[in-house]
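The values are calculated or read from the model by the stated rules, or taken from the named source; none is laboratory data. Keep in mind it's a predicted model, so treat the numbers as computed, not measured. Here the Cβ is made from the backbone with ideal geometry for all residues, glycine too, and neighbour counts use every protein chain on show.
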Amino acid sequence: MLIQAKGIKKIYEVGVVQIEAVAGVDLDVEKNEYVAIMGPSGSGKSTFMNILGCLDTPTEGSYYLNGNLVSNLGDDELARIRNREIGFVFQTFNLLPRSSALQNVELPLIYGGVPASLRRERAMEALRSVGLIDRSTHRPSELSGGQRQRVAIARALVTNPSLILADEPTGNLDSRTGEEIMLIFRKIHEAGNTILIVTHEEYIAEHTRRIVRLLDGKIASDVKNGAKKPS
């Protein structure tokens, strides 16, 4: 089992008021699953994703990632887990504007202490996997929105992570480009990777194999999904 989350709660204190953003969630995700996490604004999906991504810790509950209990780790340990185990793809791409596509993809390897020659080789291979080898020297401003997201996906893949977390990965793209990005995720999944996508778009969730819906910080439904066929 890749993800084992049990009794996850996240409570924020605003003055004297306690807000329970995640209210006792249990979730297991096996290796090579392709899961969408859905829910309206305020449902707790982003908070829950932050916990799964080791960007935040739960107030209560236990979270095992790849067999390791990570819910009680400190910031330094969580940072190491994030760099080694998790690849992130964000709605806003989060690319360094003055760096080339290749340099952006290399970043996680730099943080991981990978030698320069190996960094370049692995980053070029990651760019090749998303069809951007011919754009390796281009800066983000010289790329389309879809190409920028491909760079972000390559950056997520370059460390060979156990888990890829994508937060509204098509949110800044038109529907046609969004479909192209989802086809890339399909290929990544078919290559054996585990993917969790947080989205509020039904047509995006249709690409996945399982849809988990949150409401008021709890799981409202968890169903297997017949993934949408490429058009």
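Can you name every residue in region 108-126 that is hydrophobic (A, V, I, L, M, F, W, C) and farther than 15 Å from Asn160 by Cβ?
Start the filter on region 108-126 by keeping residues that are hydrophobic (A, V, I, L, M, F, W, C), which leaves 109-110, 114, 116, 118, 123-124, 126.
Result: Ile110, Ala116.
Among the residues of region 64-83, are any surrounded by 15 or more Cβ atoms within 10 Å (Cβ to Cβ) and over 19 Å from the mean Cα position of the chain (by Cα)? Break it down into steps so the answer makes sense when it comes.
Of region 64-83, the ones surrounded by 15 or more Cβ atoms within 10 Å (Cβ to Cβ) are 64-66, 70-71, 73, 78, 81-83.
With over 19 Å from the mean Cα position of the chain (by Cα) added as a condition, the list becomes 73.
For region 64-83, residues surrounded by 15 or more Cβ atoms within 10 Å (Cβ to Cβ) and over 19 Å from the mean Cα position of the chain (by Cα): present.
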Quick one: would you say Thr170 is closer than 20 Å to Arg150 by Cβ, among the hydroxyl-bearing types (Ser, Thr, Tyr) and in a helix (DSSP H, G or I)? no
Of the residues in region 30-52 that are modelled with pLDDT under 95 and in a loop (DSSP other than H, G, I, E, B), the one that is surrounded by the most Cβ atoms within 10 Å (Cβ to Cβ) is Gly44
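Going by the structure shown, is Ala21 free of Cβ contacts under 8 Å to residues at least 60 places away in the same chain, under 24 Å from Glu201 (Cβ atoms) and touching a strand residue (DSSP E or B) at 6+ places or on another chain (Cβ under 6 Å)? First the steps, then the outcome.
Working: free of Cβ contacts under 8 Å to residues at least 60 places away in the same chain: no; under 24 Å from Glu201 (Cβ atoms): yes; touching a strand residue (DSSP E or B) at 6+ places or on another chain (Cβ under 6 Å): yes.
Here the answer is no, as Ala21 does not meet what is asked.
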Filter region 84-107 for residues that are surrounded by fewer than 17 Cβ atoms within 10 Å (Cβ to Cβ) and over 18 Å from the mean Cα position of the chain (by Cα); the one that is nearest to Ser46 (Cα to Cα) is Leu96
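Please find, among Ser117, Ser99, the residue that is hydroxyl-bearing (Ser, Thr, Tyr), over 22 Å from Glu168 (Cα atoms) and free of Cβ contacts under 8 Å to residues at least 12 places away in the same chain.
Details: Ser99 fails: free of Cβ contacts under 8 Å to residues at least 12 places away in the same chain.
None of the others qualify; the one that does is Ser117.
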Selection from region 7-38 of residues farther than 18 Å from Ser71 by Cβ and touching a Gly at 6+ places or on another chain (Cβ under 9 Å) yields Lys31, Asn32
